[in-house]
């Protein structure tokens, strides 16, 4: 006996994939808005996409509070 039908499983899988990609894009855009270097933006975005809940939690708790990169003149 299966918990979900194959069609329901595909819908749930699509929803989770959309949430993961959206989460990664939001973190990447937020990192870029805070004047992070491009390599850091990509790293945060990929990390947040792959590690869905953990990546977002770490960005909100720690990544937003990091000082701006030297020479970027970004906000603290």
So which residues in segment 36-65 are surrounded by 14 or more Cβ atoms within 10 Å (Cβ to Cβ), modelled with pLDDT under 90 and not in a helix (DSSP H, G or I), if there are any at all? 36
Taking the condition surrounded by 13 or more Cβ atoms within 10 Å (Cβ to Cβ) and modelled with pLDDT of 95 or more, does residue 25 pass? yes
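The values are calculated or read from the model by the stated rules, or taken from the named source; none is laboratory data. Keep in mind that this is a model prediction, so the values were computed, not measured. Methodologically, a virtual Cβ is constructed for each residue, glycine included, from the backbone with ideal geometry; neighbour enumeration extends over all protein chains shown.
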